[in-house]
Amino acid sequence: MTQRVYNFSPGPAVLPEPVLEEAQKHLVALPGVGMSILEISHRSAAFTEIIQAAEQNLRRLLEIPEDYAVLFLQGGAKLQFGMIPLNFLRNTGCKASYVVSGTWSKQALAEATTQGQAHAAWDGKATNYDRVPRDEEIQIAPDSLYLYICINETIAGVQFPREPETNGVPLVCDASSELLSRPLDIRRYGILFACAQKNLGPAGVTVVIIRKDFLDRCPDDLPVMLNYRQLAEHKSLLNTPPVFAVYMVKLVTDWVLREFGDLNKLKEFNEKKANLLYEAIESCGGFYTVHAAPGSRSAMNIAFRLPNGDIEKEFLAEAKKAGLYNLEGHRSVGGCRASIYNAMPWRGVVALRDFMLRFHEENRNTLG
Ligand SMILES: Cc1ncc(COP(=O)(O)O)c(C=O)c1O
(Lines give C-alpha, C1' and ligand atoms only; values in the text may rest on other atoms or scores of the structure.)
Protein backbone atom coordinates (compact mmCIF):
# COMPACT_ATOMS: atom_id res chain seq x y z
CA MET A 1 0.00 0.00 0.00
CA THR A 2 1.51 3.33 -0.99
CA GLN A 3 -1.64 5.43 -0.70
CA ARG A 4 -2.00 7.18 2.67
CA VAL A 5 -5.13 6.40 4.69
CA TYR A 6 -6.80 8.59 7.29
CA ASN A 7 -5.13 7.60 10.53
CA PHE A 8 -7.21 8.26 13.66
CA SER A 9 -4.67 6.66 15.99
CA PRO A 10 -4.32 8.13 19.50
CA GLY A 11 -0.53 7.98 19.20
CA PRO A 12 1.86 7.53 17.65
CA ALA A 13 -0.43 9.55 15.45
CA VAL A 14 -0.79 11.21 12.10
CA LEU A 15 1.92 13.73 11.25
CA PRO A 16 1.55 16.62 8.81
CA GLU A 17 2.23 15.36 5.29
CA PRO A 18 4.50 18.29 4.36
CA VAL A 19 6.62 17.46 7.42
CA LEU A 20 7.00 13.83 6.36
CA GLU A 21 7.89 14.96 2.86
CA GLU A 22 10.49 17.40 4.11
CA ALA A 23 12.04 14.77 6.39
CA GLN A 24 12.11 12.32 3.49
CA LYS A 25 13.65 14.84 1.13
CA HIS A 26 16.47 15.62 3.53
CA LEU A 27 16.93 12.21 5.07
CA VAL A 28 20.04 11.30 3.12
CA ALA A 29 21.76 14.67 3.49
CA LEU A 30 20.69 17.73 5.45
CA PRO A 31 21.13 20.83 3.29
CA GLY A 32 24.55 22.35 3.88
CA VAL A 33 25.60 19.48 6.16
CA GLY A 34 26.08 16.59 3.73
CA MET A 35 25.06 13.98 6.33
CA SER A 36 21.75 12.55 7.44
CA ILE A 37 20.05 13.80 10.60
CA LEU A 38 20.41 10.15 11.65
CA GLU A 39 24.18 10.43 11.39
CA ILE A 40 25.12 13.76 12.92
CA SER A 41 26.52 14.34 16.38
CA HIS A 42 24.25 15.79 19.01
CA ARG A 43 27.14 18.18 19.75
CA SER A 44 27.40 19.38 16.14
CA ALA A 45 26.59 22.95 15.13
CA ALA A 46 23.81 21.62 12.89
CA PHE A 47 22.02 19.84 15.72
CA THR A 48 22.57 22.73 18.14
CA GLU A 49 20.72 24.90 15.65
CA ILE A 50 17.91 22.34 15.35
CA ILE A 51 17.29 21.86 19.08
CA GLN A 52 17.46 25.60 19.69
CA ALA A 53 14.99 26.24 16.87
CA ALA A 54 12.62 23.58 18.24
CA GLU A 55 12.75 25.29 21.63
CA GLN A 56 12.27 28.76 20.15
CA ASN A 57 9.28 27.58 18.11
CA LEU A 58 7.67 26.10 21.22
CA ARG A 59 8.39 29.27 23.20
CA ARG A 60 6.83 31.39 20.49
CA LEU A 61 3.73 29.25 19.97
CA LEU A 62 3.00 28.61 23.65
CA GLU A 63 4.25 32.03 24.81
CA ILE A 64 6.56 30.40 27.34
CA PRO A 65 8.05 33.02 29.68
CA GLU A 66 11.81 33.32 30.18
CA ASP A 67 11.66 31.96 33.73
CA TYR A 68 10.63 28.56 32.41
CA ALA A 69 13.06 25.97 31.02
CA VAL A 70 12.12 23.79 28.05
CA LEU A 71 13.56 20.28 28.16
CA PHE A 72 13.65 17.47 25.61
CA LEU A 73 13.73 14.22 27.55
CA GLN A 74 13.37 10.49 27.01
CA GLY A 75 11.39 7.84 28.86
CA GLY A 76 7.99 8.98 27.57
CA ALA A 77 5.29 10.84 29.42
CA LYS A 78 5.14 7.96 31.83
CA LEU A 79 8.61 8.60 33.20
CA GLN A 80 7.33 12.02 34.24
CA PHE A 81 4.74 10.33 36.46
CA GLY A 82 7.66 9.09 38.57
CA MET A 83 10.20 11.86 38.04
CA ILE A 84 7.94 14.62 39.35
CA PRO A 85 7.34 13.06 42.80
CA LEU A 86 10.92 11.79 42.89
CA ASN A 87 12.24 15.33 42.50
CA PHE A 88 9.65 17.22 44.53
CA LEU A 89 7.96 14.93 47.09
CA ARG A 90 10.46 12.28 48.18
CA ASN A 91 11.97 13.06 51.60
CA THR A 92 10.65 16.62 51.54
CA GLY A 93 7.52 16.51 53.66
CA CYS A 94 5.81 18.33 50.77
CA LYS A 95 2.33 17.25 49.76
CA ALA A 96 0.72 17.10 46.37
CA SER A 97 -2.90 16.87 45.26
CA TYR A 98 -4.04 14.99 42.19
CA VAL A 99 -7.21 15.28 40.14
CA VAL A 100 -8.03 11.76 38.99
CA SER A 101 -10.04 12.21 35.81
CA GLY A 102 -9.11 9.01 34.03
CA THR A 103 -6.55 6.28 33.40
CA TRP A 104 -3.48 8.47 32.99
CA SER A 105 -3.98 10.68 36.04
CA LYS A 106 -4.80 7.58 38.08
CA GLN A 107 -1.45 6.07 37.10
CA ALA A 108 0.32 9.32 37.90
CA LEU A 109 -1.18 9.40 41.40
CA ALA A 110 -0.23 5.75 41.99
CA GLU A 111 3.38 6.56 41.07
CA ALA A 112 3.41 9.66 43.27
CA THR A 113 2.25 7.76 46.35
CA THR A 114 5.34 5.53 46.10
CA GLN A 115 7.55 8.61 46.53
CA GLY A 116 5.78 10.86 49.00
CA GLN A 117 2.53 12.34 50.23
CA ALA A 118 0.08 12.52 47.38
CA HIS A 119 -3.67 12.32 47.57
CA ALA A 120 -6.68 12.52 45.28
CA ALA A 121 -8.20 16.00 45.27
CA TRP A 122 -11.08 14.61 43.22
CA ASP A 123 -11.82 11.25 41.63
CA GLY A 124 -14.26 10.79 38.76
CA LYS A 125 -14.84 7.10 39.43
CA ALA A 126 -18.50 7.56 40.47
CA THR A 127 -19.47 8.48 36.91
CA ASN A 128 -16.88 6.27 35.21
CA TYR A 129 -14.54 9.16 34.45
CA ASP A 130 -16.88 10.89 32.06
CA ARG A 131 -16.15 14.47 33.14
CA VAL A 132 -13.70 16.84 34.76
CA PRO A 133 -14.51 18.37 38.15
CA ARG A 134 -16.01 21.77 38.78
CA ASP A 135 -13.63 24.09 40.64
CA GLU A 136 -15.56 23.76 43.91
CA GLU A 137 -15.29 19.96 43.83
CA ILE A 138 -11.48 19.99 43.89
CA GLN A 139 -10.08 19.58 47.38
CA ILE A 140 -6.50 20.71 47.38
CA ALA A 141 -4.73 19.53 50.53
CA PRO A 142 -3.36 22.43 52.59
CA ASP A 143 0.32 23.07 51.82
CA SER A 144 0.19 21.23 48.52
CA LEU A 145 3.21 22.01 46.41
CA TYR A 146 1.14 21.47 43.29
CA LEU A 147 -2.19 20.34 41.91
CA TYR A 148 -1.76 17.67 39.26
CA ILE A 149 -4.12 17.38 36.31
CA CYS A 150 -4.17 15.45 33.07
CA ILE A 151 -5.68 18.18 30.92
CA ASN A 152 -6.86 15.75 28.26
CA GLU A 153 -7.48 12.12 29.18
CA THR A 154 -6.71 10.43 25.87
CA ILE A 155 -8.54 7.17 26.53
CA ALA A 156 -11.93 8.50 27.64
CA GLY A 157 -11.76 11.73 25.63
CA VAL A 158 -12.29 13.94 28.67
CA GLN A 159 -10.70 17.39 28.53
CA PHE A 160 -10.58 20.40 30.82
CA PRO A 161 -12.19 23.28 28.92
CA ARG A 162 -9.90 25.61 30.91
CA GLU A 163 -7.46 25.37 33.79
CA PRO A 164 -9.16 24.78 37.16
CA GLU A 165 -9.00 27.52 39.81
CA THR A 166 -6.29 26.66 42.36
CA ASN A 167 -5.94 29.87 44.37
CA GLY A 168 -2.30 30.24 43.49
CA VAL A 169 -1.21 26.60 43.80
CA PRO A 170 0.81 25.83 40.66
CA LEU A 171 -0.53 23.21 38.31
CA VAL A 172 1.51 20.24 37.23
CA CYS A 173 0.06 18.95 34.04
CA ASP A 174 0.18 15.99 31.71
CA ALA A 175 -0.64 17.67 28.42
CA SER A 176 0.46 14.72 26.29
CA SER A 177 -2.54 14.60 24.01
CA GLU A 178 -3.17 18.29 23.73
CA LEU A 179 0.00 20.38 23.93
CA LEU A 180 0.09 22.69 20.93
CA SER A 181 -3.60 22.19 20.10
CA ARG A 182 -4.71 25.45 21.79
CA PRO A 183 -3.19 28.29 23.80
CA LEU A 184 -2.54 27.62 27.49
CA ASP A 185 -1.82 30.10 30.24
CA ILE A 186 1.68 28.82 30.99
CA ARG A 187 1.98 31.05 34.05
CA ARG A 188 -0.60 28.83 35.77
CA TYR A 189 1.80 25.89 35.59
CA GLY A 190 4.82 24.79 37.57
CA ILE A 191 5.43 21.91 35.16
CA LEU A 192 3.80 20.92 31.90
CA PHE A 193 4.88 17.84 30.01
CA ALA A 194 3.87 16.04 26.85
CA CYS A 195 5.16 13.04 24.98
CA ALA A 196 5.64 13.98 21.36
CA GLN A 197 3.73 11.26 19.59
CA LYS A 198 0.37 13.05 19.47
CA ASN A 199 0.75 16.67 18.39
CA LEU A 200 4.49 17.29 18.44
CA GLY A 201 6.30 14.64 16.44
CA PRO A 202 7.23 10.95 16.61
CA ALA A 203 7.66 8.86 19.75
CA GLY A 204 11.00 9.14 21.52
CA VAL A 205 11.03 12.64 22.98
CA THR A 206 9.02 14.22 25.77
CA VAL A 207 8.81 17.98 26.10
CA VAL A 208 8.92 19.30 29.67
CA ILE A 209 8.24 22.97 30.43
CA ILE A 210 9.28 23.73 33.98
CA ARG A 211 9.34 26.90 36.06
CA LYS A 212 12.89 27.61 37.08
CA ASP A 213 12.19 27.87 40.81
CA PHE A 214 11.10 24.23 40.70
CA LEU A 215 14.59 23.36 39.47
CA ASP A 216 16.09 24.78 42.67
CA ARG A 217 14.18 22.16 44.65
CA CYS A 218 15.69 19.12 42.89
CA PRO A 219 17.75 17.03 45.34
CA ASP A 220 21.42 16.26 44.70
CA ASP A 221 21.18 12.56 45.43
CA LEU A 222 19.28 11.54 42.28
CA PRO A 223 20.77 9.81 39.27
CA VAL A 224 21.65 12.71 36.97
CA MET A 225 19.31 11.54 34.22
CA LEU A 226 16.37 11.81 36.63
CA ASN A 227 17.30 15.22 37.95
CA TYR A 228 15.50 18.12 36.25
CA ARG A 229 18.06 20.66 37.43
CA GLN A 230 20.97 18.75 35.94
CA LEU A 231 19.06 18.12 32.73
CA ALA A 232 18.21 21.83 32.45
CA GLU A 233 21.76 22.94 33.26
CA HIS A 234 23.00 20.76 30.41
CA LYS A 235 20.27 21.95 28.04
CA SER A 236 18.91 18.39 27.67
CA LEU A 237 22.34 17.23 26.44
CA LEU A 238 23.54 15.30 29.48
CA ASN A 239 23.65 12.33 27.17
CA THR A 240 22.68 11.67 23.56
CA PRO A 241 19.17 12.99 23.07
CA PRO A 242 16.74 11.49 20.54
CA VAL A 243 18.20 13.51 17.68
CA PHE A 244 15.71 12.50 15.00
CA ALA A 245 12.66 13.03 17.22
CA VAL A 246 13.86 16.51 18.22
CA TYR A 247 14.43 17.31 14.53
CA MET A 248 10.85 16.25 13.82
CA VAL A 249 9.54 18.48 16.63
CA LYS A 250 11.34 21.33 14.90
CA LEU A 251 9.73 20.48 11.55
CA VAL A 252 6.27 20.07 13.11
CA THR A 253 6.49 23.39 14.96
CA ASP A 254 7.78 25.08 11.78
CA TRP A 255 4.68 23.69 10.06
CA VAL A 256 2.34 24.99 12.78
CA LEU A 257 3.89 28.46 12.51
CA ARG A 258 3.69 28.39 8.71
CA GLU A 259 0.15 27.00 8.46
CA PHE A 260 -1.57 28.62 11.43
CA GLY A 261 0.73 31.35 12.75
CA ASP A 262 -0.55 31.03 16.30
CA LEU A 263 -2.42 28.62 18.55
CA ASN A 264 -5.67 30.60 18.51
CA LYS A 265 -6.06 29.69 14.84
CA LEU A 266 -5.23 26.09 15.57
CA LYS A 267 -7.73 26.00 18.42
CA GLU A 268 -10.44 27.28 16.08
CA PHE A 269 -9.54 24.63 13.52
CA ASN A 270 -9.50 21.84 16.09
CA GLU A 271 -12.83 22.88 17.59
CA LYS A 272 -14.39 23.04 14.15
CA LYS A 273 -13.22 19.49 13.42
CA ALA A 274 -14.43 18.16 16.76
CA ASN A 275 -17.80 19.91 16.46
CA LEU A 276 -18.37 18.34 13.06
CA LEU A 277 -18.13 14.89 14.63
CA TYR A 278 -20.02 15.67 17.84
CA GLU A 279 -22.86 17.22 15.83
CA ALA A 280 -23.03 14.23 13.50
CA ILE A 281 -23.18 11.94 16.54
CA GLU A 282 -25.98 14.01 18.10
CA SER A 283 -27.95 13.94 14.85
CA CYS A 284 -28.14 10.13 14.91
CA GLY A 285 -30.69 9.92 17.72
CA GLY A 286 -28.66 7.86 20.20
CA PHE A 287 -27.19 5.37 17.73
CA TYR A 288 -23.75 6.68 18.69
CA THR A 289 -23.11 7.69 22.30
CA VAL A 290 -20.20 9.83 23.44
CA HIS A 291 -18.48 8.73 26.64
CA ALA A 292 -17.64 12.25 27.84
CA ALA A 293 -20.31 14.48 29.31
CA PRO A 294 -21.04 17.82 27.64
CA GLY A 295 -18.66 20.45 28.98
CA SER A 296 -15.83 17.91 29.29
CA ARG A 297 -15.69 16.68 25.70
CA SER A 298 -12.27 16.54 24.15
CA ALA A 299 -11.42 18.30 20.91
CA MET A 300 -8.63 15.77 20.40
CA ASN A 301 -10.03 12.30 21.21
CA ILE A 302 -13.67 11.45 20.69
CA ALA A 303 -14.53 8.21 22.46
CA PHE A 304 -17.91 6.80 21.49
CA ARG A 305 -19.94 3.63 21.42
CA LEU A 306 -22.46 1.99 19.12
CA PRO A 307 -25.49 0.03 20.33
CA ASN A 308 -23.60 -3.26 20.81
CA GLY A 309 -20.24 -4.97 20.38
CA ASP A 310 -21.17 -6.72 17.13
CA ILE A 311 -22.18 -3.56 15.39
CA GLU A 312 -19.03 -1.85 16.67
CA LYS A 313 -16.94 -4.58 15.06
CA GLU A 314 -18.78 -4.10 11.80
CA PHE A 315 -18.38 -0.32 12.07
CA LEU A 316 -14.62 -0.67 12.52
CA ALA A 317 -14.28 -3.16 9.65
CA GLU A 318 -16.37 -1.04 7.28
CA ALA A 319 -14.50 2.10 8.30
CA LYS A 320 -11.23 0.45 7.40
CA LYS A 321 -12.56 -0.50 3.99
CA ALA A 322 -13.39 3.19 3.54
CA GLY A 323 -9.78 4.17 4.37
CA LEU A 324 -10.52 5.26 7.95
CA TYR A 325 -8.01 3.50 10.20
CA ASN A 326 -7.35 3.05 13.92
CA LEU A 327 -10.79 3.92 15.22
CA GLU A 328 -10.72 1.22 17.91
CA GLY A 329 -11.14 2.39 21.49
CA HIS A 330 -8.32 1.77 23.98
CA ARG A 331 -7.93 -1.91 24.82
CA SER A 332 -8.93 -1.22 28.43
CA VAL A 333 -12.35 0.23 27.55
CA GLY A 334 -13.25 -0.99 24.05
CA GLY A 335 -15.71 0.93 21.88
CA CYS A 336 -14.50 3.39 19.30
CA ARG A 337 -12.36 6.48 19.39
CA ALA A 338 -11.43 9.05 16.79
CA SER A 339 -8.25 10.96 17.55
CA ILE A 340 -8.15 14.15 15.53
CA TYR A 341 -4.91 15.89 16.44
CA ASN A 342 -3.54 19.00 14.75
CA ALA A 343 -2.29 17.08 11.73
CA MET A 344 -5.63 15.39 10.94
CA PRO A 345 -6.81 17.31 7.90
CA TRP A 346 -10.32 18.72 7.58
CA ARG A 347 -11.05 16.34 4.71
CA GLY A 348 -10.23 13.36 6.98
CA VAL A 349 -12.80 14.48 9.53
CA VAL A 350 -15.36 15.12 6.81
CA ALA A 351 -14.72 11.61 5.45
CA LEU A 352 -15.30 10.14 8.90
CA ARG A 353 -18.43 12.23 9.46
CA ASP A 354 -19.88 11.14 6.10
CA PHE A 355 -19.06 7.52 6.84
CA MET A 356 -20.69 7.69 10.29
CA LEU A 357 -23.88 9.20 8.90
CA ARG A 358 -24.02 6.59 6.12
CA PHE A 359 -23.36 3.73 8.52
CA HIS A 360 -26.14 4.97 10.76
CA GLU A 361 -28.58 5.21 7.82
CA GLU A 362 -27.75 1.66 6.75
CA ASN A 363 -27.92 0.09 10.17
CA ARG A 364 -30.45 1.93 12.25
CA ASN A 365 -33.34 -0.31 11.18
CA THR A 366 -31.48 -3.56 11.62
CA LEU A 367 -31.35 -3.04 15.36
CA GLY A 368 -34.06 -4.36 17.62
C1 LIG B 1 -2.38 11.58 28.55
C2 LIG B 1 -1.27 10.58 28.42
N3 LIG B 1 -0.33 10.52 29.37
C4 LIG B 1 0.67 9.64 29.30
C5 LIG B 1 0.80 8.76 28.24
C6 LIG B 1 1.95 7.81 28.21
O7 LIG B 1 2.87 8.26 27.27
P8 LIG B 1 4.21 7.46 26.96
O9 LIG B 1 3.82 6.22 26.24
O10 LIG B 1 5.03 8.41 26.10
O11 LIG B 1 4.89 7.17 28.26
C12 LIG B 1 -0.16 8.78 27.23
C13 LIG B 1 -0.05 7.84 26.12
O14 LIG B 1 -0.88 7.66 25.29
C15 LIG B 1 -1.21 9.72 27.31
O16 LIG B 1 -2.16 9.76 26.39
Calculate, for Arg187 and Glu21, the FRET efficiency according to 1/(1 + (r/R0)^6) with r their C-beta to C-beta distance and R0 41 Å; round to the nearest 0.05. 0.65
Based on alpha-carbon centroids, what's the gap between region 317-368 and region 227-275 in Å, whole number please? 28
Where a ≥ b ≥ c are the square roots of the eigenvalues of the C-alpha gyration tensor, would you call region 262-363 rounded, which needs a/c under 1.5, or, failing that, prolate if a/b is larger than b/c, or oblate? prolate
How high is the FRET efficiency between Arg43 and Asn363 when r is their beta carbon distance and R₀ equals 56 Å, given to the nearest 0.05? 0.45
Mean residue ellipticity (222 nm) of the chain, computed from DSSP H runs ≥ 4 via -39,500 (n - 2.57), nearest 500: -11000 deg cm²/dmol
Report in % the part of the accessible area of region 67-112 that belongs to carbon and sulfur, leaving out ligands and nucleic acids; probe 1.4 Å. 56
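For the peptides 301-307, 132-138, 116-122, what is the packing order when you average, over each peptide's residues, the other Cβ atoms within 10 Å and list the highest mean first? Let's see the in-between values first.
Working: 301-307: 23.7, 132-138: 15.1, 116-122: 20.0.
Descending mean neighbour count gives 301-307, 116-122, 132-138.
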Surface share of carbon and sulfur [accessible, 1.4 angstrom probe, percent] for region 284-346: 51
Considering only protein heavy atoms, what per residue accessible area in square angstrom results for the chain with a 1.4 angstrom probe? 44
Does region 1-91 come out rounded, prolate or oblate, given a ≥ b ≥ c as the square roots of the eigenvalues of its C-alpha gyration tensor, rounded meaning a/c under 1.5 and, failing that, prolate meaning a/b above b/c? oblate
Given axes a ≥ b ≥ c from the Cα gyration tensor, I'd like to know whether region 18-259 is rounded (a/c under 1.5), prolate (a/b larger than b/c) or oblate. prolate
per DSSP, antiparallel bridges as share of beta bridges in the chain, % nearest 5, sits at 50
Roughly how many nanometres apart are two label points built 7 Å out from the Cα toward the Cβ at Asp310 and Glu271? 4.2
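The values are calculated or read from the model by the stated rules, or taken from the named source; none is laboratory data. Fair warning: this is a prediction, and the values are worked out from it, not measured in the lab. Positions of Cβ are generated from backbone atoms using ideal geometry, with glycine treated the same way; all protein chains shown enter the neighbour counts. When the accessible area is computed, the model is the full protein with side chains, heavy atoms only, and any ligands, DNA or RNA have been set aside. Shrake-Rupley method; radii C 1.70, N 1.55, O 1.52, S 1.80 Å.
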